[in-house]
1. Working only within region 76-97, note down all residues that are out of contact with any Gly (no Cβ under 7 Å at 6 or more places or on another chain) and part of a helix (DSSP H, G or I).
2. From the list L385, L366, L338, pick out the single residue that is surrounded by 18 or more Cβ atoms within 10 Å (Cβ to Cβ) and over 29 Å from G52 (Cα atoms).
3. When you check F200 against the structure, is it farther than 30 Å from I95 by Cβ, in contact (Cβ under 8 Å) with a residue 60 or more places away in the chain and not aliphatic (A, V, I, L, M), yes or no?
4. Looking for something away from the ligand (no atom under 16 Å from the Cβ), crowded, with 19+ Cβ neighbours inside 10 Å and in a helix (DSSP H, G or I) - is there at least one such residue anywhere in region 4-23?
5. In this structure, does L98 turn out to be open to solvent by 40 Å² or more (accessible area, probe 1.4 Å), within 15 Å of the ligand (Cβ to nearest atom) and not acidic (D, E)?
6. Can you give me the number of residues within region 35-75 that are more than 19 Å from the chain's Cα centre (by Cα), open to solvent by 10 Å² or more (accessible area, probe 1.4 Å) and under 27 Å from H218 (Cβ atoms)?
7. Among the residues of region 267-326, how many are of a type in the set (S, T, N, Q), open to solvent by 10 Å² or more (accessible area, probe 1.4 Å) and assigned to a helix (DSSP H, G or I)?
Amino acid sequence: MIAARFSRIGFILAAAGSAVGLGNIWKFPYITGENGGGAFVLIYLMAITFIGLSIFIAEVAMGRLSRSDAVSAYESLAPKPGPWKFAGFTLLTGILILTYYPIVIGWVFKYIWVAATHLPTTVEASGAAFGEMLTQDASGQIFYFTLAFLCTFLIVSMGVKKGIEKLNLVLMPLLVIILLLLFCYAITLDGFDDALKFLFVADFSKVRATSVMEAVGHAFFTLSLGMCCIMTYSASLPENANIVRSSFTVAVLDTAIALVAGIIIFSLIFSFNAEPGQGPGLLFISLPPLFAQLGMAGTLGATLFFVAVAFAGVTSCISIVEPGVLYLTNRLNWSRPLALLAIGGVAYSLGLLALLSNIEHTGDSLKLFGMGAFDLFDFTSSSILLPLGGILVAVFVGYVMEKQKLEHLLLPYMHPRLFHCWYFSIRYLAPAGVVAMMINKLAA
Ligand code: PHE
């Protein structure tokens, strides 16, 4: 049992802080660009509504009912003792994500500085600068990576109420304000209408064979599902919280922020006839020279933009650490500093390997299965382990847990018909969607 409780708004902002991250501002726009825009957005919205939201509610229910760490949650909610408690170890996926996520936050920190002082003016110069940082500048990247790591661990060390809740109460509203300011600015740009058309007019001829799967996979990553993160935060839900409405609010906020970030980015892209299907370099390579065209306003806009991305990244990163910390402190009675030191030590060392695997003269010796450590950690966690964790939640809640417990918890907040839809989705739609996605991703 854990004692620390969020306030109602504290929980919503902390869960939204976890959900809204690099996935929304960096990944969503570039995969939407690669998948042709509107039709992909529509598929993604369906994946969030029918699969993501149901698993989200299931994780919240498990956390709220057990009020414990993930391993104990599976153990105490299973009707009889058995191997289900091992499902709680899907929290270990967090350690793998912690190896590369702070590296990308480190790039964002560096780009705040680049944006404020010397935005590159051409796409070529921008690509060269990013490539140079990624493949040559080990010490610079280690510096920013360490900074991202320290920020994250400092906040988690202060605990759920004084660290995590407080930070989210400040950073999440600031993030929304910055994005709204940039959105207002985007409205004045020539490319605004084209951006709306690109994102909201569905042209199914542009959809790729793997688009549906990519949409389902991203729905998972962006809602922080499959690694016991939402489950862990939900163990600290206040007694009187409306968990269905809170879950809905988080999913809506997460989606809205991804769409707003998409509109801002594509307004810039279309204002200067740049290429929307750039891939992962969209944020770090394509955007800076476009901001540079806008003079002083561009410098300010770019700086604020990267500050917003940093806020989103840090609030997500702290949520990736907490499941492991809660397990070690709650279940194994470790002290919080010791738990942080252990998790931090492992993730930081592996993170250094991931970072060096992108560097030209060290990369070759850090390859495994033909992939650099960075790509390997990213692929294993988001394409294999998170979906696997999601299926376990769906199967456990849909087939193993007593339905009565769920009805007792959820019916006060949900129309019985809606409850049936949710239960159907958790038993059939969500597992089928995730299995199909994994097969497709692994075969691709
Ligand atoms: N949801 C976060 C994002 O969109 C990433 C994340 C994944 C956070 C898993 C926690 C757990 O960037």
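The values are calculated or read from the model by the stated rules, or taken from the named source; none is laboratory data. Everything numeric here is computed off the predicted structure, so don't read it as measured data. So basically every Cβ, Gly included, is an ideal-geometry build from the backbone, and we count neighbours across all protein chains shown. In case anyone asks, the SASA skips ligands and DNA or RNA and just uses the protein heavy atoms, side chains included. Shrake-Rupley method; radii C 1.70, N 1.55, O 1.52, S 1.80 Å.
1. Residues of region 76-97 out of contact with any Gly (no Cβ under 7 Å at 6 or more places or on another chain): 76-89, 92, 96-97.
Across region 76-97, the qualifying residues are S76, L77, P83, W84, K85, F86, A87, G88, F89, L92, L96, I97.
2. Working: L385 fails: over 29 Å from G52 (Cα atoms); L338 fails: surrounded by 18 or more Cβ atoms within 10 Å (Cβ to Cβ).
The unique qualifying residue is L366.
3. On the way: farther than 30 Å from I95 by Cβ: yes; in contact (Cβ under 8 Å) with a residue 60 or more places away in the chain: yes; not aliphatic (A, V, I, L, M): yes.
When the stated conditions are applied, F200 passes them.
4. Filtering region 4-23 for residues away from the ligand (no atom under 16 Å from the Cβ) gives 4-10.
From what is left, the residues that are crowded, with 19+ Cβ neighbours inside 10 Å are 6, 10.
With the extra rule that they be in a helix (DSSP H, G or I), the set shrinks to 10.
Yes - at least one qualifying residue is present in region 4-23.
5. On the way: open to solvent by 40 Å² or more (accessible area, probe 1.4 Å): no; within 15 Å of the ligand (Cβ to nearest atom): yes; not acidic (D, E): yes.
Considered against the rule, which asks whether it is open to solvent by 40 Å² or more (accessible area, probe 1.4 Å), within 15 Å of the ligand (Cβ to nearest atom) and not acidic (D, E), L98 comes out as no.
6. Count: 3.
7. Total satisfying the criteria: 3.
For (1) at pLDDT 95 or above; (2) farther than 25 Å from I95 by Cβ; (3) not in a helix (DSSP H, G or I), each residue gets a yes or a no:
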site	(1), (2), (3)
A115	yes, yes, no
S126	no, yes, no
Q141	yes, no, no
L167	no, no, no
L175	no, yes, no
I178	no, yes, no
L181	no, yes, no
D190	no, yes, yes
